[in-house]
Amino acid sequence: MKQEDKTKEEIIEENKLLQKCIVELETVDTERKKTESELKRCHRRMERIINSIADPIFVKDRKHAWILLNDSFCNFVGRKREELLGKSDYDFFSKEEADIFWQKDEVVFVNHEENVNEEKFTDANGIVHVLLTRKVAYIDESGEEILVGTIQDITDHKKAEEELRVKLDELERFHKATIEREFRIKELNDEIKRLKLEKKTG
C-alpha cells in the first residue's frame, strides 16, 4: 500500500506504533545506560579494593594472559598496567622464568587446587627476587576459567635465613674447634702431670 493510499486513521495508528517503539527504545537505552553506569561503579570499587592491598595481585585467563592487575603488581614488575594487560609472562620475563610460571599456572588450572610455591623472578631492573606465590583457579559465572594469584617478595627473608645459616655454621665450627682445643688442653695437662710424676719417682 502506498503512503498516499493510507487513510488518516491508518497513519495515526502507525504513528502511535512508531511512538510506542521509540518509547520502548528510549526505555531500553535508559536501562542500558544505568547498567553500564552500575558496571563502571562496581569496576571502580573493585579496583580501589585490590589497589589498597600491598601485595601484588594478578588475574589470568585460560590463555595465561593477564586480565586484572593491582597497582602493587605493576610497580613490582616495573611496568604500566596498559603494557601488561592481555600479555603473558613470556612477553616480559626470561624463557626459563616464564616456563616455570606457566607450568605452575597450568597445574592450578588443571587440578583446581591452590598452589603455594617459591619462584625466582627478575624485575625490569635486572634484580632477582625470591617470591612466595599463591595461586588458585576459579570458574566465573560465564564458565570461563581464571587464575588468581598473590605474591609476597621474600627476598629479604631468604637473605636473612641464609645469613643465619652461615652464622650457625660458623658457630658450630667454632664450638667444635673449642671442644677439640679443650680436649687437647686436657691431654696436655694430663701429659704434664704424668711427666712431673715420672720426674719425682724417677
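Any lysines with Cα under 21 Å of the Lys33 Cα? List them, leaving off those in the same chain fewer than 8 positions away.
Straight-distance partners of Lys33: Lys20.
Name the aspartates and glutamates eligible as straight-distance cross-link partners of Lys193: C-alpha to C-alpha under 18 Å, and not fewer than 8 places from it in the same chain.
Glu182
Over the chain, what is the mean sequence separation of C-alpha contacts under 8 Å (at least six apart), divided by residue count, expressed as relative contact order in percent? Walk me through the numbers on the way to the answer.
Numbers: 198 pairs, mean separation 28.5, N = 202.
14 percent.
Restricting attention to the range 133-202, which GluC sites (Glu not before Pro) occupy a DSSP loop and are surrounded by at most 15 other Cβ atoms within 10 Å? Please list the in-between numbers first.
Numbers: sites: Glu141, Glu144, Glu145, Glu161, Glu162, Glu163, Glu170, Glu172, Glu180, Glu182, Glu187, Glu191, Glu198; in loops: Glu141, Glu144.
Passing sites in the range 133-202 are Glu141, Glu144.
Once the dipole of the range 155-202 is set up with Lys and Arg at +1 and Asp and Glu at -1 on Cβ about the Cα centre, which of Ile192, Ile179, His157 lies farthest towards its positive end?
Positive-most Cα among the choices belongs to Ile192.
Note the angle between two axes, namely the Cα long axis of helix 8-51 and the longest principal axis of the Cα atoms of the chain, as a number of degrees from 0 to 90, rounded to the nearest 10.
It is inclined by approximately 10 degrees.
Please give the charge dipole size of the chain, origin at the Cα centre, charges +1 on K and R Cβ atoms and -1 on D and E Cβ atoms. Round to the nearest 20 debye. Please report the intermediate quantities before stating the final value.
Working: 39 positive and 48 negative charges, 313 e Å.
About 1500 debye.
Which pairs in the list Lys95/Lys135; Lys95/Lys167; Lys176/Lys199 are over 31 Å apart, alpha-carbon to alpha-carbon? Mind dumping the intermediate values first?
Values: Lys95/Lys135 20 Å; Lys95/Lys167 35 Å; Lys176/Lys199 34 Å.
Distance filter (> 31 Å) returns Lys95/Lys167; Lys176/Lys199.
Quick one, which of [x] 17.0; [y] 18.3; [z] 23.8 is the actual Kirkwood radius over Cα pairs in Å calculated for this model?
Entry [z].
Once each part is reduced to its C-alpha centroid, what is the distance from the range 138-202 to the range 15-34 in angstrom?
Cα centroid of the range 138-202 versus Cα centroid of the range 15-34: 79 Å apart.
Computed from the coordinates by the stated procedures, all read-outs in this text should not be read as laboratory data. Predicted, not measured: the structure shown is a model, and the values here were computed from it. Using ideal geometry, Cβ is built from the backbone for each residue, glycine included, and neighbour counts are taken over all protein chains shown.
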